[in-house]
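Participant: If you scroll down you'll find the structure; I have some questions about it.
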Amino acid sequence: MDPEASHDLTAQEYPIIRDSTCNTGSYKGTSDWREKVHSIKERNLTALKNSILTDITLEMGPENTPFTAHKLILALGSPVFETMFYGPLAEQGEKITIPDIIPDDFKVLLKY
């Protein structure tokens, strides 16, 4: 999955890192990608856009549009996601389908 296409974040503001410093869902390499982005907001959006340390794929809408994300960040912003990921009946696995959320609306949520 191409994170640039799915999240549609502005490339000038939050650069896509295309070197050995990142890999889908994990960090690899010797140079530190954080040297290129300094604020926490920039780091969060760069990590999201590059699928750095993402730990969940959410499939949204009737066409199951995929979004990679960070469970902790979603849970911090929403009690629904907190319950979904960390509650007593938490969803298991790395992929969750939520057909009743409009993908474009979810893009906005991910950016904030």
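Quick note: the coordinates plus some simple rules give every number you see, no bench work behind them. Bear in mind that the values here come from a model prediction, so they are computed numbers and not experimental data. Please note: Cβ atoms are built from the backbone with ideal geometry, for glycine as well, and neighbour counts cover all protein chains shown.
Participant: Only counting other Cβ atoms within 10 Å, I'd like Val80, Val37 sorted with the fewest neighbours first.
Facilitator: Val80, Val37
Participant: With r defined as the distance between the Cβ atoms of Glu63 and Lys36 and R0 fixed at 41 Å, what FRET efficiency is calculated, to the nearest 0.05?
Facilitator: Plugging the Cβ-Cβ distance into 1/(1 + (r/R0)^6) gives 0.75.
Participant: Work out how much length Leu72 to Ile102 would gain on full extension: take 0.36 nm times their residue separation and subtract the Cα-Cα distance, in nm to one decimal.
Facilitator: The Leu72-Ile102 span can extend by a further 8.7 nm.
Participant: Still on this model: When Asp55, Asp100 are ordered from fewest to most other Cβ atoms inside 10 Å of their Cβ, what list results?
Facilitator: Asp100, Asp55
Participant: Let me ask something else about it. Quickly rank 91-99, 103-111 as a protection proxy: mean count of other C-beta atoms within 10 Å, highest first.
Facilitator: The most tightly packed comes first, giving 103-111, 91-99.
Participant: Now a separate question. Run through the DSSP bridge list for the range 34-110 and note the antiparallel percent, rounded to the nearest 5.
Facilitator: For the range 34-110, the DSSP antiparallel bridge percentage is about 55.
Participant: If each residue's Cβ is checked for other Cβ atoms within 10 Å, how do Met60, Met84 rank with the fewest at the top?
Facilitator: Met84, Met60
Participant: Still on this model: Apply the Karplus curve 6.51 cos²θ - 1.76 cosθ + 1.60, θ = phi - 60°, to the phi angles in the range 79-87 and return the couplings in whole Hz, x for Gly and Pro.
Facilitator: x, 5, 5, 4, 5, 4, 9, 10, x
Participant: Taking amide hydrogens as modeled 1.01 Å from N in the peptide plane, which residues meet the under 5 Å criterion relative to Thr65, leaving out close sequence neighbours?
Facilitator: Residues meeting the criterion, in which the H sits 1.01 Å from N, are Met60.
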